[in-house]
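Q: Here you go, one structure.
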Amino acid sequence: MNPVDTQAETTPLDVERIRQDFPILRRKVRGKPLVYLDNAATSQKPQSVIDAISHHYSHTNANVHRGVHCLAEEATEAYEEVRRKVCRFIHADDPTSIVFTRNTTESINLVAHAWGRKFLAEDDEVVLTVMEHHSNLVPWQLLAKDTGCKLRFIDIDDDGHLRTDRLDEYITDKTKLVCMGHVSNALGTINSVRTIACAARAVGALVLVDGAQSAPHGPVNVETLDCDFYAYSPHKALGPMGIGVLWARRDLLEEMDPFLGGGEMIRNVTLERSTWAGVPHKFEAGTPSVADAVGLGAATDYLMDIGMENIRAHEKYIISYAMERLAELPFIRFFGPRDPVDRCGLVSFIDTDIHPHDLGTIVDQHGVAIRAGHHCAKPLMHRLGVVATARASFYIYNDRNDVDALIDSLLAARKVFGL
Ligand code: PMP
């Protein structure tokens, strides 16, 4: 995510207008208007995405890349058009370097299998960070078990920034791959991929970026990030669940082995052996989720119409206010960078007297949906010295009154406990 120079006191978005596009925001939860602050887990979907999926099944449904009939051609064209759109969205230059998967998790597993198992050996090192989501940790642990490669972890400072001052201790001649989250789902920190990529380049290592929390929230340019692999989950960016994105440098995709075998990923098959289709099809075995791809296309259009710079500016506006309001509450301790320039639109916090799960349950009674738990980042929780946190995460349809509703519900939780 590239920095944007915008005042945090105003938002460029017409939130009221945007909210009308999201039917779920009209429903009540526990008799109260829904205040949805769990966007880091998944975003809500605008009507245009819901309609695109429905339209696909009503008018264009057919399997892709196999039929010669009209519907098959139209479905194939719709599917491939989304690949081109995603390519523009992340400012890549070659649509064939976009692989559709199921989610970020599958994209990272694909790289661990198809690149890692082919190119890593005992004593090679993969560098991660202590703030990784389990999706960008467990696949590398599995790989280390199979290949004997070693994992090393970049630590954080007290403010939740990566210790980039100590990179030469972590990234050495043994490093073959650096895998890092662009934005932490548990701290909100926006990490400097370029700084770390520069250290990786200096030793000839590749860089994989987990973009699950960056692609939805601001402009992403895989070229200026200087990475080799970039993965994200469209369901966190207004799109449907069931489709994921992996971008990789084309030469890497060419030299990687397939991840899954089956229909559509082959050039030729005999009883004894097979040869592979070209990229990206070599990595898309079996029937893909075509309707979800179509929904992804509509979601990408929606985001690009608003403008990713505007979305980033809006989140800065919301998070500055959220941090300001939370700082007024002496019983709240929050984690991650204090400066909204260094964090995305989410905040992780604890009430020093109430367990995060209790807090989550009580604020839900007020219609406020937050996440409570370890956020699939257990090693990070351990590093922070907590078992869980509460997390409020904002998006384009949230405004400052949602922050107020959160604060009111946190105060109400104190009352429940007689505090
Ligand atoms: N990485 C990060 C930083 C995430 O926040 C998430 C989702 N919480 C993932 C990876 C995994 O995404 P998915 O479950 O869509 O594969």
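Q: Roughly how tilted is helix 193-202, in degrees to the nearest 10 and between 0 and 90, from the longest Cα axis of the chain?
A: Relative to the chain, helix 193-202 is tipped by roughly 40 degrees.
Q: Could you please tell me the mean projected area of the C-alpha convex hull for region 147-280, averaged over all directions and given in square nanometres to one decimal?
A: Mean orientational projected area (region 147-280, Cα hull): 10.6 nm².
Q: Could you list which residues have their amide H under 5 Å from that of Thr175, counting only those 5 or more apart in sequence or on another chain, with H placed in the peptide plane?
A: Glu125
Q: Using θ = phi - 60° and the Karplus relation 6.51 cos²θ - 1.76 cosθ + 1.60, list the HN-Hα couplings for region 366-374 in order, rounded to whole Hz, with x at every Gly or Pro.
A: 9, x, 9, 9, 10, 9, 10, x, 9
Q: Past 22 Å, Cα to Cα: identify those pairs from Lys118/Lys236; Lys145/Lys176; Lys85/Lys282; Lys236/Lys316; Lys145/Lys174; Lys118/Lys378, in the order given.
A: Distance filter (> 22 Å) returns Lys118/Lys236; Lys118/Lys378.
Q: Calculate one ³J(HN,Hα) per residue across region 222-233 by plugging θ = phi - 60° into the Karplus curve 6.51 cos²θ - 1.76 cosθ + 1.60, and present them in order as whole Hz with x for glycine and proline.
A: These are the phi-based 3J(HN,Hα) values: 5, 6, 6, 5, 6, 9, 10, 9, 9, 10, 8, 10 Hz.
Q: A further question on this structure: Starting from the Cα of Gln141, move 7 Å in the Cα-to-Cβ direction to define the label point; list residues of region 239-261 whose amide nitrogen is under 18 Å from there.
A: From region 239-261, the list is empty.
Q: Given a Förster distance of 30 Å, report the FRET efficiency between Asp14 and Ala41 from their Cβ-Cβ distance, rounded to the nearest 0.05.
A: Here the calculated transfer efficiency is 0.75.
Q: A follow-up question, please. If I model a spin label as a point 7 Å beyond the Cα along the Cα-Cβ vector, how far apart are those points for Val203 and Asn63 in nm?
A: 4.6 nm
Q: Springs between alpha-carbon atoms under 10 Å, Gaussian network over the chain: tell me which of Met180, Met131, Met304 tops the mean-square fluctuations.
A: Judging by the Gaussian network model, the answer is Met304.
Q: Using Cα atoms only, what is the angle between the long axis of helix 308-327 and the major principal axis of the chain, expressed in degrees (0 to 90) to the nearest 10?
A: For 308-327 against the chain, the angle is about 30 degrees.
Q: Between Arg273 and Thr352, what FRET efficiency comes out of the Förster formula 1/(1 + (r/R0)^6) with R0 = 60 Å and r the beta carbon distance, rounded to 0.05?
A: Using R0 = 60 Å, I get an efficiency of 0.45.
Q: Related question: On a 0 to 90° scale, report how tilted helix 400-416 is relative to the longest principal axis of the chain, with both axes built from alpha carbons and the result rounded to the nearest 10.
A: It works out to around 60 degrees.
Q: Rounded if a/c is under 1.5, else prolate if a/b is larger than b/c, else oblate: which is the chain, with a ≥ b ≥ c the root eigenvalues of its Cα gyration tensor?
A: Note, shape of the chain comes out oblate.
Throughout, read-outs are computed from the coordinates displayed, never taken from laboratory work. Source: prediction; values computed, not measured. Neighbour counts are summed over all protein chains in view; Cβ atoms, including those assigned to glycine, are modelled from backbone coordinates with ideal geometry.
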